[in-house]
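Here's the structure, in structure tokens; my notes come after.
Read-outs throughout are calculated quantities, based only on the coordinates presented, and are distinct from any laboratory measurement. From a predicted model like this one, the values you see are computed outputs, not experimental measurements. When we count neighbours, we look across all protein chains shown, and the Cβ atoms used for this are built from the backbone with ideal geometry, even at glycine.
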Amino acid sequence: MFTSKRLVKRAVLQRFAVTLRGIEETFSGVLTAFDAEMFVFDDCRTVITREGDTAVKIPGRLFVERRTVAYLQELLS
């Protein structure tokens, strides 16, 4: 998990796979804002986990409590 505010600032406008704690759910989105308690992601979609599935766009902006994030994985291009 990001603990340094500087690290997170550098990550803004990057796309991440976001894995949530305890529910084994992952989505991808562009980190657009953050504070001590929340991450904000735009242009979100589901992550394909099974062959034959397709990613589904998640409408709107996602506000995710930082404490619910298991980890963020930066997705390159």
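Values computed for the structure shown
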| read-out | value |
| --- | --- |
| Contacts under 8 angstrom Cβ, first residue in the range 29-51 being assigned to a loop (DSSP other than H, G, I, E, B), partner among the basic types (Lys, Arg) and surrounded by 13 or more Cβ atoms within 10 Å (Cβ to Cβ), 6 or more apart | Ala36/Arg66; Glu37/Arg66 |
| Hits in the range 52-77 - residues which are in a loop (DSSP other than H, G, I, E, B) and closer than 17 Å to Val12 by Cβ | Arg61, Leu75, Leu76 |
